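Worksheet: one structure, shown below.
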Amino acid sequence: MKAKKIIIFGESQLASLAHFYFKHDSPHEVVAFTVDRKYLKNDTFEELPLIAFEDIAEKYPPSDFFMFLPISFKEMNHLRRRKFEEAKEKGYTCVSYVSSKATTWPDLKIGENCFVFEDNTIQPFTTIGDNCILWSGNHIGHHTVIGNHVFITSHVVISGACVIADHCFFGVNSTIRDETVIAEATLVGMGANIIKDTEAFAIYLGPKPFKYHKESMDLDSLSHKSKG
């Protein structure tokens, strides 16, 4: 991977984390930080220049520099989407960070501005879109397709062959059954178990275990959509 000079958007804990990971676990060099002018209170952050986002292209032109925007899930990831699109409009290519301590395979397809922390297991035939954050310790099953602007917290299990639409959020320890479609802007709360397709913009909170009417040895298949 060719080393790139990177500008990080933000003056937050996430920005500090991004700086740390790029410094210690990538060939890239962070050269500056940027925030919107109305939030600009200092000249430096992490001992590097802190520049108004409105002026960044003049001082660090997109022909020579790349950008990374580690922004939280605020507004169901729409804030991160807006800033990502603004960076693209300025002409920047956004880099992605995938931890060397994550388990991935050579066929992984991943978009721009993704932040994949340590201890993620991403199985073969998985696709991840643009502008997604996968915090540490998740399992992403084979043949799963993750859309754009998605935030997956920690210790989330997304089983095989799931489809995750744009703007979704997954709370800690949530679990998604195999072959499930998670619709646009679904919020899956901490510890929730999703066993069927969701509705767009819906919120799902808490596990709801129940005793099934059959015994376990009577089941022909453990998949809810295909045999096997």
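The values are calculated or read from the model by the stated rules, or taken from the named source; none is laboratory data. Just so it is clear, the structure is predicted and the values come from calculations on it, not from any experiment. A quick note on method: Cβ atoms are made from the backbone with ideal geometry, for glycine too, and the neighbour counts reach across all protein chains shown.
Structure values in brief
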read-out	value
Qualifying residue in segment 90-98 (condition: without any contact (Cβ under 8 Å) to a residue 12 or more places away in the chain and surrounded by fewer than 20 Cβ atoms within 10 Å (Cβ to Cβ))	no
Selected residue (criterion: farthest from Phe9 (Cα to Cα)) from residues of segment 140-150 that are under 13 Å from the mean Cα position of the chain (by Cα) and surrounded by fewer than 23 Cβ atoms within 10 Å (Cβ to Cβ)	Val145
Count of segment 1-22 residues which are farther than 22 Å from Glu86 by Cβ and over 20 Å from the mean Cα position of the chain (by Cα)	3
Some residue of segment 149-157 being of a type in the set (Phe, Trp, Tyr), in contact with a Pro (Cβ under 9 Å, 6 or more places away or on another chain) and at pLDDT 95 or above	no
In segment 181-201, residue surrounded by the fewest Cβ atoms within 10 Å (Cβ to Cβ) [restricted to those that are in a loop (DSSP other than H, G, I, E, B) and among the aliphatic types (A, V, I, L, M)]	Ile195
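Residues checked against (1) free of Cβ contacts under 8 Å to residues at least 40 places away in the same chain; (2) under 15 Å from the mean Cα position of the chain (by Cα); (3) within 21 Å of Asn148 (Cβ to Cβ):
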residue	(1), (2), (3)
Leu48	yes, no, no
Lys59	yes, no, no
Asp64	no, no, no
Ser100	no, no, no
Cys114	yes, yes, yes
Ile122	yes, yes, yes
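Conditions (1) surrounded by 16 or more Cβ atoms within 10 Å (Cβ to Cβ); (2) touching an Asp or Glu at 6+ places or on another chain (Cβ under 8 Å); (3) modelled with pLDDT under 95, marked per residue:
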position	(1), (2), (3)
Lys5	no, yes, no
Ile8	yes, no, no
Gln13	no, no, no
Ser16	yes, yes, no
Asp43	no, no, no
Glu47	no, no, no
Ala52	no, yes, no
Arg81	yes, no, no
